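Below: one structure, written as structure tokens.
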Protein chains: 2
Amino acid sequence: MSVNAFIASHKDRFLNELLDLLRIPSVSADPKFKEDVFRAADFVKNSLERAGVDRAEICPTAGYPIVYGEKVIDPSAPTVLVYGHYDVQPADPYELWDSPPFDPVIKQTEEHPEGAIFARGSADDKGQFYMHVKAFEAMLASGELACNVKFMIEGEEEVGSENLDLFVQQNKEKLRADVVLISDTSMISMDTPSVTVGLRGLAYMQVEVTGPNRDLHSGTYGGAVANPINILCKMIASLHDDENRITIPGFYDRVETYSETYRDQLNKAPFDEDDYKRKLAIAEVWGEKGYTTIERVGIRPTLDVNGIWGGYTGEGAKTVLPSKAYAKISMRLVPNQDHKEIASLFEDHLKAIAPASVKVKVVPHHGGQAAVVPTDSVGYHAAEAAIQEAFGKQAIPTREGGSIPITSLFQQALGLDPILMGFGLDTDAIHSPNEHYGVKNYFMGIETIALFFQHFARLHPKG
Amino acid sequence: MSVNAFIASHKDRFLNELLDLLRIPSVSADPKFKEDVFRAADFVKNSLERAGVDRAEICPTAGYPIVYGEKVIDPSAPTVLVYGHYDVQPADPYELWDSPPFDPVIKQTEEHPEGAIFARGSADDKGQFYMHVKAFEAMLASGELACNVKFMIEGEEEVGSENLDLFVQQNKEKLRADVVLISDTSMISMDTPSVTVGLRGLAYMQVEVTGPNRDLHSGTYGGAVANPINILCKMIASLHDDENRITIPGFYDRVETYSETYRDQLNKAPFDEDDYKRKLAIAEVWGEKGYTTIERVGIRPTLDVNGIWGGYTGEGAKTVLPSKAYAKISMRLVPNQDHKEIASLFEDHLKAIAPASVKVKVVPHHGGQAAVVPTDSVGYHAAEAAIQEAFGKQAIPTREGGSIPITSLFQQALGLDPILMGFGLDTDAIHSPNEHYGVKNYFMGIETIALFFQHFARLHPKG
């Protein structure tokens, strides 16, 4: 039986196993889901064992464990290291989900006429890393596994992969491989497959502004005491100038300027602004003056408020001048910007612009470096060939706005450029209510991954 | 037995009755306390009956009922109409209370060495209106009630007294009186008694900014799609200029300019800025350039954000570019500014400054007109005389920053200038966690109210 025949004859089980995994609310950011995160790690270990690895283990860290599994078919064959994560983003706000986030359902959508799985983590990243487990099972069962394989599936990607660095440093020999393969990104569309070759870095900060030492009556004190919400808004507003450039001193110092040729090439990727606006129901796009939408998310750094709160937020009215106001602010960074340096510039700037009437506290949440992946490697060529064979189209190299801090870790610690071959779509609502992942994308992904292994074995220079 | 002897011999009961009332969480802003608000109305009716009114009734409205009670001792005697409210502000955030908000406890504080009652509503306004019920009981029991009395205690003051207007218009005859007496304000201190002669108006608005039609991943879309939180912050920041003047066109058109003489007189009220800053733990006061703190809260209009929320506000980090952001914004108004006109100017301005990349919705919550009370009335003189006798000091007329929309309603509908004789302190933390009311203030208030009745009967021209 061929790989594809094996996949076809186990479709229901391949799908149902993923649904079971999606039922575990493994939210790493929220301590109340701690047991569930550990439960998800067990699930991953068991699934690797059932798929046929030689051994699987749960490797404890200071936080959530890393699940490792490997199958060595031939020490002289090339080795593929698969990275993924079993943790998911928080599902809040729950009330905006059309179905419960941890009770997966399959529904049709405009982008997914053959159905999509609606659940937190369906696209990011459970549905995507699980394709590798199933592709591995199919290759092994059909006797077509052409590479050794190592799985490293972590549980802290959504909170900054804090313990992965140490694990990778301490297990360089164990993790030795010829390529790292990651499916945690999106492609342009099913008609326009793409491979991600650039990712932005991230510096995520929390800001706390304190005015008076207690909540005050806004009638008695309003207009005479600085209101920390008003001040926080003023500070946030000042972080962009009239051309939507970020005003933090030094922020752009290490940002690369690209040639017109490079930018022209980048802008050749298919992009329909009207369709983009229609799907988001916005009247206008927005961003840094002088750049296209593709450039704004691909090669330019940005700053977004991810959350803000303070004062009375319940029903009705309360005339309070609150003691405190808070914001979560993140910056997407481009290659050469160092997330620790940016975090420090951010903190210094916020303290510098705060008026004397308030106190400001800045806490960095987590960060990661930006990454660029070369397109002339054996791994990239294997991905191109696999996509060509599966989709019948040439893959387009794209730069994506998101961040996978692990990417630069692999480059530095293991000397490997990861291949970012993701099968999600930008419309899959990852990190949002109603996250979903196409059923067709799931199975096309499994097929394409199996093809990647074949082509990688074929293209890899014999050791 | 004299009034004061009666009060002295019933101190424990007078205090315990108030504590029972404070145990009812009559939060009018939050529908989940609906039954409690009605229960508080029953409590008030029963307490009036026990105190000795001829009749008490619960008058239904489209919202929460108004409790009415009266005692006519002599149709030719002057009549005092007492106004108060049995509803309270929401108690959120609960975690900032040192003791549960609806489980009153008595503790010493710097301002209240003889103890203060800590509970939501202790000062605003349960503790203050209940002084009138007890003063009435004491006067009646000791045979010293010199005026007829009418009580009108409502349950919607904290949500804008929406149904009071109609009730007053429909019951002008029933409410006919010679003066309205209200204890719902504060005085400077126990050593410096004062009477409030000015109150600011209020326009309370809710703003909703919508960007994309769903929450987005801030990596994939950040920098290319307008973030409604960033935009809301920018809009809020622009509502004050560099001199902290409000930038809404037309906002100051009807604001009165005062003479230097008047302002000098106003600034003669005792005010210790160092002490003010120390008690609030702020390094600097803040406000409109060219005005003192007393002027900023007394004669100038202001704009404060009372609440803001949007995006992810839980533990940890979520890289979301949210679909919506919200703010509750209120403006304190001065005489001649019409709260409806200001609400409309606010809405027009917010829509005008919103960029095309977002949609803005503005909903007015509630409002009220500012009021100024003359100091040459019989009522004012009676208050002065009562305070002189009780405190041994001349009362200082003050303008307070808060709003009691009912004040201007009485002026317009009943032709009566209310006497705003409150016994709270600015430090009582009304509308805040740990609201409290001095035990001494409570009993001094009861005595002073009884003296007001005596002096009002003495000074009032015989009908």
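The values are calculated or read from the model by the stated rules, or taken from the named source; none is laboratory data. Remember, predicted model here, so these are calculated numbers, not experimental data. Neighbour counts are summed over all protein chains in view; Cβ atoms, including those assigned to glycine, are modelled from backbone coordinates with ideal geometry.
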Of the conditions (1) over 25 Å from B:H431 (Cβ atoms); (2) in the same structural domain as B:K234 (by TED's automatic domain parsing), B:Y380 clears all except one; give me its number. (2)
Considering the stretch B:95-125 alone, what residues qualify as being without any contact (Cβ under 8 Å) to a residue 12 or more places away in the chain and at positive phi? none
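This table checks each residue for (1) at pLDDT below 95; (2) out of contact with any Leu (no Cβ under 7 Å at 6 or more places or on another chain).
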{"position": "B:E341", "(1), (2)": "no, yes"}
{"position": "B:V360", "(1), (2)": "no, no"}
{"position": "B:I396", "(1), (2)": "yes, yes"}
{"position": "B:S408", "(1), (2)": "yes, yes"}
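Would a scan of the stretch B:194-204 turn up a residue that is more than 30 Å from A:R296 (Cβ to Cβ) and basic (K, R)? Before you say what the answer is, go through the steps one by one.
Here is the first cut: in the stretch B:194-204, the ones more than 30 Å from A:R296 (Cβ to Cβ) are B:194-204.
Narrowing further to those that are basic (K, R): B:200.
Yes, the stretch B:194-204 contains a residue that is more than 30 Å from A:R296 (Cβ to Cβ) and basic (K, R).
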Among (1) within 7 Å of another protein chain (Cβ to nearest Cβ); (2) over 30 Å from B:Y221 (Cβ atoms); (3) not in a strand (DSSP E or B) - the single one B:R332 does not satisfy: (3)
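When you scan the stretch B:37-130 for strands (runs of 3 or more DSSP E) that lie fully inside it, which ones turn up with 1 or more residues that are within 30 Å of B:G379 (Cα to Cα) and away from every other protein chain (no Cβ under 14 Å)? Show your work before the answer.
Working: elements: B:55-59, B:66-71, B:79-85, B:105-107, B:116-118.
Qualifying strands (runs of 3 or more DSSP E): B:55-59, B:66-71, B:79-85, B:116-118.
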Here is a check on your reading of the model: is B:Y204 outside any loop (DSSP other than H, G, I, E, B) and not hydrophobic (A, V, I, L, M, F, W, C)? yes
Any hit, the stretch B:289-300, residues being within 27 Å of B:I229 (Cα to Cα) and either more than 7 Å from every other protein chain (Cβ to nearest Cβ) or out of contact with any Gly (no Cβ under 7 Å at 6 or more places or on another chain) (or both): no
Do we have A:A383 as touching a strand residue (DSSP E or B) at 6+ places or on another chain (Cβ under 7 Å) and modelled with pLDDT of 90 or more here? yes
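Being small (G, A, S), out of contact with any strand residue (DSSP E or B) (no Cβ under 6 Å at 6 or more places or on another chain), modelled with pLDDT of 95 or more and assigned to a loop (DSSP other than H, G, I, E, B) is the requirement here; does B:A146 meet it?
Details: small (G, A, S): yes; out of contact with any strand residue (DSSP E or B) (no Cβ under 6 Å at 6 or more places or on another chain): yes; modelled with pLDDT of 95 or more: yes; assigned to a loop (DSSP other than H, G, I, E, B): yes.
When the stated conditions are applied, B:A146 passes them.
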Selection from the stretch B:102-125 of residues closer than 18 Å to B:G422 by Cα and either of a type in the set (D, E, K, R) or surrounded by fewer than 17 Cβ atoms within 10 Å (Cβ to Cβ) (or both) yields B:E111, B:R120, B:D124, B:D125
When you go through (1) in contact with a strand residue (DSSP E or B) (Cβ under 7 Å, 6 or more places away or on another chain); (2) farther than 30 Å from B:E288 by Cα; (3) surrounded by fewer than 23 Cβ atoms within 10 Å (Cβ to Cβ); (4) of a type in the set (D, E) one by one for A:E157, which number turns out not to apply? (3)
Please specify each residue of the stretch B:149-170 satisfying the condition of being part of a loop (DSSP other than H, G, I, E, B) and on the phi < 0 side of the Ramachandran plot. B:G155, B:E156, B:E162, B:N163
When every residue in the stretch B:270-286 that is within 10 Å of chain A (Cβ to nearest Cβ) and touching a residue at least 24 places away in the same chain (Cβ under 8 Å) is compared, the one surrounded by the fewest Cβ atoms within 10 Å (Cβ to Cβ) is B:K279
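What number of residues within the stretch A:415-463 satisfy the criterion of being of a type in the set (V, I, T) and closer than 30 Å to A:L96 by Cα? Talk me through it step by step, then tell me what you get.
As a first pass, look at the stretch A:415-463 and keep what is of a type in the set (V, I, T): A:419, A:427, A:430, A:439, A:446, A:448-449.
Now drop any that are not closer than 30 Å to A:L96 by Cα, which leaves A:427, A:430, A:439.
Number of matching residues: 3.
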Looking only at the stretch A:212-261, which residues are within 13 Å of another protein chain (Cβ to nearest Cβ), surrounded by fewer than 16 Cβ atoms within 10 Å (Cβ to Cβ), more than 28 Å from the chain's Cα centre (by Cα) and of a type in the set (V, I, T)? none
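Can you pull out every residue in the stretch A:165-193 that is more than 30 Å from A:T109 (Cα to Cα) and either acidic (D, E) or within 14 Å of chain B (Cβ to nearest Cβ) (or both)?
Narrowing the stretch A:165-193 to residues more than 30 Å from A:T109 (Cα to Cα): A:165-180.
Once the filter is applied, which keeps residues that are more than 30 Å from A:T109 (Cα to Cα) and either acidic (D, E) or within 14 Å of chain B (Cβ to nearest Cβ) (or both), the stretch A:165-193 yields A:D165, A:E173, A:D178.
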For the stretch A:249-256, check the following and say yes or no: at least one residue is among the aliphatic types (A, V, I, L, M) and in contact with a helix residue (DSSP H, G or I) (Cβ under 6 Å, 6 or more places away or on another chain). no
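Which of the residues spanning the stretch A:338-356 are surrounded by fewer than 17 Cβ atoms within 10 Å (Cβ to Cβ) and not in a helix (DSSP H, G or I)? Can you show your working first?
Start the filter on the stretch A:338-356 by keeping residues that are surrounded by fewer than 17 Cβ atoms within 10 Å (Cβ to Cβ), which leaves A:338, A:340-341, A:344, A:348, A:351-353, A:355-356.
Correct list: A:D338, A:P355, A:A356.
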The residue from B:N267, B:N306 that alone is crowded, with 24+ Cβ neighbours inside 10 Å, within 25 Å of the chain's Cα centre (by Cα), not hydrophobic (A, V, I, L, M, F, W, C) and not assigned by TED's automatic domain parsing to the domain that holds B:T398 is B:N306
If the requirement is being surrounded by 17 or more Cβ atoms within 10 Å (Cβ to Cβ) and modelled with pLDDT under 95, which of these qualifies: A:D87, A:D92? A:D92
Scanning the stretch B:4-38 for residues that are within 21 Å of B:T61 (Cβ to Cβ) and among the aromatic types (F, W, Y), which turns out surrounded by the most Cβ atoms within 10 Å (Cβ to Cβ)? B:F33
I need the full set of residues from the stretch A:177-194 which are farther than 21 Å from A:H339 by Cβ, at pLDDT 95 or above and not polar (S, T, N, Q), in order please. A:A177, A:D178, A:V179, A:L181
List the number of the failed condition for A:T313; all other conditions in (1) within 14 Å of chain B (Cβ to nearest Cβ); (2) surrounded by fewer than 23 Cβ atoms within 10 Å (Cβ to Cβ); (3) assigned to a helix (DSSP H, G or I) hold. (3)
A:M1 fails exactly one of (1) under 26 Å from A:I419 (Cα atoms); (2) touching a Ser or Thr at 6+ places or on another chain (Cβ under 6 Å); (3) loosely packed, with under 15 Cβ neighbours inside 10 Å, namely (1)
